[in-house]
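Have a look at the structure below, then the notes.
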Amino acid sequence: MAPGDNRVVPGLAQQAGELFQMAGPRQPLPAITAQVAAAAGAQPPRAVPAALAMADSAGLELAAWPRRREPAATRAGTRVLLESNRQHLTSRRAERELGVTCRSLARTIAYEAAWYRHHGMPPPDLPLAPAPRAHPERLKARRG
């Protein structure tokens, strides 16, 4: 942004041409995904090595292409998540110099989940938490 540009940019605050990060306290990616999953009623994703995440994203892109559908994850999106997880951005300076306060991540995610539900989302094909599996011995008894 050029000095004097008064556009509002989500996640940034301006004062006299300066930019301030609006991120609240630092949260590692696994903590964020666990909170999002809980708000959506889904199981949190497993942590996987970065190379595997990138390979899986490439596979999802390839699988979606012939069906002309959007992939569930993309390499570009995965790269952004991996890079942002290594950054340590906080809004302490904005809080100190501008008096800005950020609501907690848990409260923000709960608000977002409520908004999506109110607007008929997430889509019905969202994989929610799986039903508990029956123990193999119980399955044998049922078939028995």
TODO: Name every residue in the stretch 42-58 that is loosely packed, with under 12 Cβ neighbours inside 10 Å and either of a type in the set (Val, Ile, Thr) or farther than 16 Å from PRO28 by Cβ (or both), in order of residue number.
DONE: VAL48, ALA51, LEU52
- [ ] Pull up the stretch 30-59, narrow it to residues that are part of a helix (DSSP H, G or I) and polar (S, T, N, Q), then point me to the one that is nearest to the chain's Cα centre (by Cα).
- [x] THR33
Open item on the list: It is to be established whether one or more residues within the stretch 57-75 are out of contact with any Cys (no Cβ under 7 Å at 6 or more places or on another chain), at pLDDT 80 or above and of a type in the set (Val, Ile, Thr).
Closed with: yes
Open item on the list: Taking the criterion of being over 30 Å from GLU18 (Cβ atoms), hydroxyl-bearing (Ser, Thr, Tyr) and without any contact (Cβ under 8 Å) to a residue 40 or more places away in the chain, would at least one residue in the stretch 33-47 satisfy it?
Closed with: yes
Task: Check on ALA50, of a type in the set (A, V, I, L, M, F, W, C) and closer than 18 Å to ILE109 by Cβ - done: no
Task: Any hit, the stretch 80-88, residues being more than 16 Å from the chain's Cα centre (by Cα), over 26 Å from GLU18 (Cα atoms) and not in a helix (DSSP H, G or I) - done: no
- [ ] Within the stretch 82-97, identify whether any single residue is among the polar types (S, T, N, Q), in contact (Cβ under 8 Å) with a residue 60 or more places away in the chain and surrounded by 12 or more Cβ atoms within 10 Å (Cβ to Cβ), and answer yes or no.
- [x] yes
Task: Condition check for LEU62: free of Cβ contacts under 8 Å to residues at least 12 places away in the same chain and exposed (fewer than 14 other Cβ atoms within 10 Å of the Cβ) - done: yes
Open item on the list: Which of the numbered conditions does ALA13 fail, given that it passes all the others? Conditions: (1) of a type in the set (A, V, I, L, M); (2) at pLDDT below 85; (3) in contact with a helix residue (DSSP H, G or I) (Cβ under 9 Å, 6 or more places away or on another chain); (4) part of a helix (DSSP H, G or I).
Closed with: (4)
TODO: Could you tell me which of the residues ALA141, ALA110 is assigned to a helix (DSSP H, G or I), modelled with pLDDT of 85 or more and hydrophobic (A, V, I, L, M, F, W, C)?
DONE: ALA110
TODO: Looking for whichever is farther than 23 Å from VAL36 by Cβ, in contact with a strand residue (DSSP E or B) (Cβ under 7 Å, 6 or more places away or on another chain) and assigned to a helix (DSSP H, G or I) here; the options are ALA94, ALA63. Which one fits?
DONE: ALA94
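The values are calculated or read from the model by the stated rules, or taken from the named source; none is laboratory data. Nothing here was measured: the structure is a model prediction, and the numbers come from that model. We place every Cβ from the backbone using ideal geometry, glycine too, and count neighbours over all the protein chains shown.
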